[in-house]
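The values are calculated or read from the model by the stated rules, or taken from the named source; none is laboratory data. Note that the structure is predicted; figures quoted are calculated from it, not measured. Cβ sites come from the backbone with ideal geometry, for glycine too, and all protein chains shown count toward neighbours. Only protein heavy atoms, including side chains, enter the accessible area calculation; ligands, DNA and RNA are left aside. Shrake-Rupley method; radii C 1.70, N 1.55, O 1.52, S 1.80 Å.
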Amino acid sequence: AIALFALVLAACGDRSGKVLEEPVFPPPATQPDTTAIATTVAPPEQFELVAPWVDGSTIPDRHTCAGAGVSPALFWSGVPSGTVELALTVVDNDAAGFVHWIVYAISPIETGTVEGEPPAASFQWPNSGGTSDWVPPCPPGNETHRYEFTVHALNQQLEVADDDSAADVLSILNATTIARSTVVGLTTGVP
């Protein structure tokens with residue numbers, strides 16, 4: 001019987017020869033593993049367009065027909081991954097969607113424009129007036145119009161036909177836009 005008891009005790013150990021202890025109930029609280037490296041994934045940066053005025057406020061005269069009429073310096077950040085190219089549009093929705101400016105083929109590494117110029121190596125599509133450049137805001141009479149300045153992140157290069165209108169190009173841009181940011185500016189016409 002003693003030999004059998006010794007054999008049972010030997011069977012209770014693991015292969016290293018250690019003897020297993022009685023289980024404890026409830027089990028003791030365990031400490032967190034401090035050897036693990038904590039990783040934090042930062043949320044993606046928000047795609048944002050910044051203009052020389054506060055969103056929803058008045059566009060400085062310098063950028064309208066009441067002043068020099070030069071295009072404003074615009075800046076953006078947070079371009080999403082997967083962006084193949086960027087485009088800029090300026091639309092007056094109070095004038096039946098008159099397109100003042102379309103700039104496309106902007107490199108996704110660009111971060112903005114300088115005043116009076118489109119970004120380097122980009123192209124300008126003819127606006128609603130038929131010219132391939134910036135048309136400054138100029139509402140008629142005492143009317144106040146809202147102008148939407150939008151930067152589009154596109155998932156492919158913009159492909160348009162030679163005879164596409166500015167409105168056609170806007171539709172194509174909207175179909176290939178994966179993210180956008182808009183700043184609205186107001187301008188009141190001079191009677």
Among the residues of segment 81-94, count how many are at pLDDT below 95 and not small (Gly, Ala, Ser). 1
For Glu21, the lone unmet condition from (1) modelled with pLDDT of 95 or more; (2) open to solvent by 90 Å² or more (accessible area, probe 1.4 Å); (3) more than 20 Å from Thr187 (Cβ to Cβ) is (1)
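Yes or no, residue by residue, for (1) under 13 Å from Pro137 (Cα atoms); (2) without any contact (Cβ under 8 Å) to a residue 12 or more places away in the chain:
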site: Ala73; (1), (2): no, no
site: Val91; (1), (2): yes, no
site: Ala96; (1), (2): no, yes
site: Pro108; (1), (2): no, no
Please work out which one of (1) acidic (Asp, Glu); (2) more than 11 Å from Thr89 (Cβ to Cβ); (3) in contact with a helix residue (DSSP H, G or I) (Cβ under 9 Å, 6 or more places away or on another chain) is the condition Asp162 fails and give its number. (3)
